[in-house]
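Contents: one structure, followed by commentary.
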Amino acid sequence: MQKVYVLSALVIIGLALFYIFQGCYPDLMYLFSNAFPPLISGMAVIVSGLSLERYWRKAKGPFSKTWLYFTAGLFFWFLGEAVWAGYTLILGVEVPYPSIADIFWLAGYIPFFVALYLYVKIFGGALTRKTLVASMMATIVMTVIVTVVLLAPLLTAGEDPVTLVADFAYPLFDLALFSVAHLGLIIFWKGKLAKSWLFINAAIAMDTCADIIFSYATAQNAYYCGHMLELLYHFSYLFFMLAFYLHTKEL
Amino acid sequence: MNREKSLVERALIEAVDEGLLMLGESGREVVYFRLRFSYAIGKEDVPSHPEIFDECLRSIFGSGAKAIEKAIIKNLYKKLGLKFVEKENFDFLEYLNYAKRQSGN
């Protein structure tokens, strides 16, 4: 299992270096920035699909259903990445936001949320009412903070309503995922599954940060293909893969 | 008395088997695998070593083990015709001992 951590660390370092020195190869960077996300998200779908195959007992079983939803969510995100790549690399649209890709990305949150909810619900009896109240309070506080942080820059940017909705939807949907995912981490904290849940939470945290920065950057016309924030999206997919791989190793 | 005790044991083995199915068959097999290789007991030994089974579940699921144990105990009580009344701090071993006492009477 150590090999997986070493490999992941090497991928993270490699990606970071590739983005840092992008000034030396701008054309390659543009291609990579658009072609790599479908690749890494496709790999995440495969890893999740392998977990699904492992846990599948029957469609009505709650645990197998969970993995079906995880895979469906990641598949929608993969479609989003593929459509974005189609816009940029084939149609030549510089920053296709908002676009049809956003429909797939936003749709992906639904099965992903259901997956997290179903999983946590199976073990939900282990959570005390005190923990649930504290968790709910933390989620509300985080939602207020994210909304307040984004409100002024986005409203003054003069974006159209659809873009504004997308700008707020992504970080808020991320927080919705986080509100359930951190409960999973609390439940499994002292067990072998904690590692898997730690990576699921890390992946969602990366997505949340990336989406907040993306909303801000696009509103300020500061986003370009190859922006450093893309690293967070790549790391997020990598962490999801690690989480699902570790889950199948531990259970 | 002995016949009743073995009835509880059989019911517990079945309840464990069915309760662990909430993880899917592969999940159940992993729990049995860990029991065998980390704790040197088989699933048929769970009634005589419930504390080891409890420890095994906690090592994998942390406090999430409670949910699995609750499902097992509910299933066990149903098999034994006992009424399951939930206490605030669920304890697998306490519930199990209560079931043994009740079935032994």
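The values are calculated or read from the model by the stated rules, or taken from the named source; none is laboratory data. Everything quoted here is computed from the prediction, not taken from an experiment. Neighbour counts are summed over all protein chains in view; Cβ atoms, including those assigned to glycine, are modelled from backbone coordinates with ideal geometry.
Starting from residues that are surrounded by fewer than 21 Cβ atoms within 10 Å (Cβ to Cβ) and not hydroxyl-bearing (Ser, Thr, Tyr), keep the ones in the stretch A:214-224 and report whichever is nearest to the other protein chains (Cβ to nearest Cβ). Here the answer is A:217. Residue A:190 versus (1) at pLDDT 95 or above; (2) surrounded by fewer than 18 Cβ atoms within 10 Å (Cβ to Cβ); (3) not aromatic (Phe, Trp, Tyr): which is the lone unmet condition? Looking at each condition in turn, residue A:190 falls short on (1).
Any residue at all in the stretch A:191-198 that's more than 14 Å from chain B (Cβ to nearest Cβ) and within 14 Å of the chain's Cα centre (by Cα)? Quick ask: steps written out before the conclusion?
From the stretch A:191-198, those more than 14 Å from chain B (Cβ to nearest Cβ) are none; that's our starting set.
No: the stretch A:191-198 contains no residue that is more than 14 Å from chain B (Cβ to nearest Cβ) and within 14 Å of the chain's Cα centre (by Cα).
Criterion applied to A:44, A:9 was being of a type in the set (Gly, Ala, Ser), within 19 Å of residue A:199 (Cα to Cα) and in contact (Cβ under 8 Å) with a residue 60 or more places away in the chain, and the one residue passing it is A:44. Of the residues A:121, A:130, only one is charged (D, E, K, R), assigned to a helix (DSSP H, G or I), within 14 Å of chain B (Cβ to nearest Cβ) and free of Cβ contacts under 8 Å to residues at least 24 places away in the same chain; which? Criteria check complete, one pass: A:130. Taking the listed residues A:211, A:207, A:167, the one that is touching a Pro at 6+ places or on another chain (Cβ under 6 Å) and away from every other protein chain (no Cβ under 14 Å) is A:211, with no other qualifying. Only residues that are under 15 Å from residue A:248 (Cβ atoms), in a helix (DSSP H, G or I) and not small (Gly, Ala, Ser) were counted in the stretch A:191-211, giving 4. Taking residue A:195, is it farther than 21 Å from residue A:115 by Cα and out of contact with any strand residue (DSSP E or B) (no Cβ under 9 Å at 6 or more places or on another chain)? So residue A:195 does not fit the description; no.
Residue-by-condition table, conditions (1) surrounded by 15 or more Cβ atoms within 10 Å (Cβ to Cβ); (2) among the charged types (D, E, K, R); (3) over 27 Å from residue A:196 (Cα atoms):
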{"site": "B:26", "(1), (2), (3)": "yes, no, no"}
{"site": "B:38", "(1), (2), (3)": "no, no, no"}
{"site": "B:52", "(1), (2), (3)": "yes, no, no"}
{"site": "B:58", "(1), (2), (3)": "yes, yes, no"}
{"site": "B:85", "(1), (2), (3)": "no, no, yes"}
{"site": "B:92", "(1), (2), (3)": "yes, no, no"}
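Do you know which residues across the stretch A:143-162 are among the β-branched types (Val, Ile, Thr) and buried (at least 18 other Cβ atoms within 10 Å of the Cβ)? If you could, list the steps in order and put the result at the bottom.
Looking only at the stretch A:143-162, we keep the residues that are among the β-branched types (Val, Ile, Thr), and these are A:143-149, A:156, A:162.
If the condition is that a residue be among the β-branched types (Val, Ile, Thr) and buried (at least 18 other Cβ atoms within 10 Å of the Cβ), then A:146 is the only one that fits.
Within the stretch B:42-57, can one find any residue that is under 16 Å from residue B:18 (Cβ atoms), away from chain A (no Cβ under 13 Å), in contact with a helix residue (DSSP H, G or I) (Cβ under 8 Å, 6 or more places away or on another chain) and of a type in the set (D, E, K, R)? The answer is yes, given that some residue of the stretch B:42-57 is under 16 Å from residue B:18 (Cβ atoms), away from chain A (no Cβ under 13 Å), in contact with a helix residue (DSSP H, G or I) (Cβ under 8 Å, 6 or more places away or on another chain) and of a type in the set (D, E, K, R).
Annotation note: of A:16, A:59, the sole residue that is more than 17 Å from the chain's Cα centre (by Cα), surrounded by fewer than 15 Cβ atoms within 10 Å (Cβ to Cβ) and modelled with pLDDT under 95 is A:59.
Can residue A:202 be described as out of contact with any Gly (no Cβ under 9 Å at 6 or more places or on another chain), closer than 30 Å to residue B:55 by Cβ, more than 14 Å from chain B (Cβ to nearest Cβ) and surrounded by 23 or more Cβ atoms within 10 Å (Cβ to Cβ)? No: the conditions fail for residue A:202.
Of all residues in the stretch A:214-251, which are among the aromatic types (Phe, Trp, Tyr) and not in a helix (DSSP H, G or I)?
Those that are among the aromatic types (Phe, Trp, Tyr) and not in a helix (DSSP H, G or I): A:223, A:224.
Of the residues that make up the stretch A:40-48, is at least one in contact with a Ser or Thr (Cβ under 6 Å, 6 or more places away or on another chain) and either of a type outside the set (Gly, Ala, Ser) or part of a helix (DSSP H, G or I) (or both)?
Filtering the stretch A:40-48 for residues in contact with a Ser or Thr (Cβ under 6 Å, 6 or more places away or on another chain) gives A:48.
Retained after the next criterion (residues that are either of a type outside the set (Gly, Ala, Ser) or part of a helix (DSSP H, G or I) (or both)): A:48.
Scanning the stretch A:40-48 turns up at least one residue that is in contact with a Ser or Thr (Cβ under 6 Å, 6 or more places away or on another chain) and either of a type outside the set (Gly, Ala, Ser) or part of a helix (DSSP H, G or I) (or both).
Here is the figure for the stretch B:60-83: residues that are under 19 Å from residue A:193 (Cβ atoms) and either facing chain A (nearest Cβ under 9 Å) or among the small types (Gly, Ala, Ser) (or both) total 11. In the set (1) without any contact (Cβ under 8 Å) to a residue 24 or more places away in the chain; (2) within 14 Å of chain A (Cβ to nearest Cβ), residue B:19 fails one condition alone, (1).
Within the stretch B:1-77, considering only helices (runs of 4 or more DSSP H) that don't extend past its boundaries, which have at least 1 residues that are within 23 Å of residue A:125 (Cβ to Cβ) and of a type in the set (Phe, Trp, Tyr)? Working first, answer last.
Working: elements: B:2-19, B:24-39, B:50-61.
Where helices (runs of 4 or more DSSP H) fall fully within the stretch B:1-77 and carry at least 1 residues being within 23 Å of residue A:125 (Cβ to Cβ) and of a type in the set (Phe, Trp, Tyr), they are B:24-39, B:50-61.
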